[in-house]
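A.B. asks: Got a structure for you, questions after.
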Amino acid sequence: MPVVLLVPAVVGAALFALPLAGLLVRAPWADAWSELRSPAALDALRLSLVCTLSATAIAIVLGVPLAWVQARLSFPGQNVLRALTTLPMVLPPVVGGVALLLAFGRHGLVGTYLFEGLGIRLPFSTAGAIMAETFVSMPFLVITVEAGLRSMNTRLEEAARTLGARPWAVFRTVTLPLAGPSIFAGALLCWSRALGEFGATITFAGNFPGRTQTLPLAVYLLLETQPDAAIILSLLLVLVSLVVLVGLRDRYLSIS
């Protein structure tokens with residue numbers, strides 16, 4: 001390998017490895033278990049599980065049909081829809097939180113009717129945290145499932161239609177099983193992204209212990225007062241993300 005390529009490659013790898021090494025070296029391993037069992041950590045962990053699993057479930061229910069529409073139908077504005085679908089991936093999370101406030105806040109475009117008509121207030125609530133995590137994480141599921149649908153052999157679907165199966169039956173009995181691996185991979189990526197969400201959540205839902213304070217928000221708060229606990233929770237998030245990415249090592253690289 002040419003040295004001119006090897007040297008910047010090593011520097012690039014070090015850019016990723018050194019921050020993780022800093023966490024590992026500075027981690028208070030002797031107190032790790034007690035820090036993880038602290039009330040603040042357990043509350044944040046419980047709330048993170050509730051929010052991330054709920055966000056992933058919503059993303060599957062809404063995102064799989066959206067991925068199918070983008071992969072199988074042709075219609076005016078399709079590129080615009082795809083751009084909107086992937087926008088949260090590149091949008092600064094804080095901007096996403098502000099956009100959610102303007103849409104679903106008490107005086108927002110939709111939030112006004114939700115609050116006045118149904119008494120539903122999403123900002124600064126657990127439901128708001130779930131919505132923020134869904135907003136930023138669902139694109140990972142959509143593009144993964146869409147890529148899987150586009151690469152799928154459609155002859156089995158065509159054969160089912162030829163045999164008289166209705167469109168819903170084809171989707172339920174043929175398309176979904178074939179797309180199962182992509183849906184599973186997309187759901188894992190979605191869940192992992194939701195677990196690490198910070199900016200949109202703190203902007204739209206706030207940072208209230210037991211209500212909206214997920215693990216990333218707890219790390220932010222503990223960093224000022226209990227840095228050892230913040231390091232341990234950070235390592236927990238790194239470990240979960242690493243396990244997901246290693247488990248999907250071939251699939252997430254094929255996302256287009």
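A.B. asks: Given the conditions (1) without any contact (Cβ under 8 Å) to a residue 12 or more places away in the chain; (2) surrounded by 14 or more Cβ atoms within 10 Å (Cβ to Cβ), report the number of the one that Leu73 does not fulfil.
C.D. replies: Failing condition for Leu73: (2).
A.B. asks: May I pose another question? Report every pair of residues separated by at least 6 positions or lying on different chains whose Cβ atoms are under 6 Å apart, first residue within the range 147-168 and free of Cβ contacts under 8 Å to residues at least 12 places away in the same chain, second part of a helix (DSSP H, G or I) and surrounded by 11 or more Cβ atoms within 10 Å (Cβ to Cβ).
C.D. replies: Filtered contacts from the range 147-168: Arg161/Val170.
A.B. asks: Going through the range 48-95 one residue at a time, which ones are within 26 Å of Leu237 (Cα to Cα), of a type in the set (A, V, I, L, M, F, W, C) and outside any helix (DSSP H, G or I)?
C.D. replies: Matches in the range 48-95: Leu91 only.
A.B. asks: Answer yes or no: is there a residue in the range 192-214 that is in a helix (DSSP H, G or I), of a type in the set (S, T, N, Q) and at pLDDT below 90.
C.D. replies: There is no residue in the range 192-214 that is in a helix (DSSP H, G or I), of a type in the set (S, T, N, Q) and at pLDDT below 90.
A.B. asks: Just to check your reading of the model, which residue among Thr56, Thr86 is touching a residue at least 40 places away in the same chain (Cβ under 8 Å), of a type in the set (Ser, Thr, Tyr) and under 26 Å from Gly210 (Cα atoms)?
C.D. replies: On the way: Thr86 fails: under 26 Å from Gly210 (Cα atoms).
The conditions single out Thr56.
A.B. asks: A further question follows. Going by what's in this entry, would Pro88 be described as surrounded by 18 or more Cβ atoms within 10 Å (Cβ to Cβ) and touching an Asp or Glu at 6+ places or on another chain (Cβ under 8 Å)?
C.D. replies: No; evaluated as a whole, the condition is false for this residue.
A.B. asks: Considering only residues that are basic (Lys, Arg) and free of Cβ contacts under 8 Å to residues at least 40 places away in the same chain, look in the range 3-48 and name the one that is nearest to Ala205 (Cα to Cα). Please lay out each step first, then the result.
C.D. replies: To start, the set of residues in the range 3-48 that are basic (Lys, Arg) comprises 26, 37, 46.
Filter again for free of Cβ contacts under 8 Å to residues at least 40 places away in the same chain, leaving 37, 46.
Values: Arg37: 25, Arg46: 16 Å.
The extreme case among them is Arg46.
A.B. asks: Within the range 32-45, restricting attention to residues that are closer than 19 Å to Leu239 by Cβ and surrounded by fewer than 13 Cβ atoms within 10 Å (Cβ to Cβ), which residue is farthest from the chain's Cα centre (by Cα)?
C.D. replies: Trp33
A.B. asks: Which one of Phe171, Phe208, Phe184 is more than 17 Å from the chain's Cα centre (by Cα), surrounded by 14 or more Cβ atoms within 10 Å (Cβ to Cβ) and within 22 Å of Val145 (Cβ to Cβ)?
C.D. replies: Only one candidate qualifies: Phe171.
A.B. asks: So which residues in the range 115-137 are over 24 Å from Gly210 (Cα atoms) and either crowded, with 20+ Cβ neighbours inside 10 Å or not acidic (Asp, Glu) (or both), if there are any at all?
C.D. replies: Gly117, Leu118
A.B. asks: Could you grab the pairs with beta carbons closer than 6 Å, sequence gap of 6+ or different chains, first residue in the range 96-116 and without any contact (Cβ under 8 Å) to a residue 12 or more places away in the chain, second one in a helix (DSSP H, G or I)?
C.D. replies: What qualifies is Gly108/Leu102; Leu109/Ala103; Val110/Ala103; Val110/Phe104.
A.B. asks: All but one of (1) touching a Phe, Trp or Tyr at 6+ places or on another chain (Cβ under 6 Å); (2) closer than 18 Å to Ala147 by Cβ hold for Gly128; state the number of the condition that does not hold.
C.D. replies: It fails just one condition, (2).
A.B. asks: Go through (1) touching a helix residue (DSSP H, G or I) at 6+ places or on another chain (Cβ under 8 Å); (2) within 30 Å of Gly180 (Cβ to Cβ); (3) modelled with pLDDT of 95 or more for Ala57 and report which single condition fails.
C.D. replies: Just one mismatch for Ala57, condition (1).
The values are calculated or read from the model by the stated rules, or taken from the named source; none is laboratory data. Keep in mind it's a predicted model, so treat the numbers as computed, not measured. Note that each Cβ is placed from the backbone with ideal geometry, even for glycine, and that neighbours are counted across all protein chains shown.
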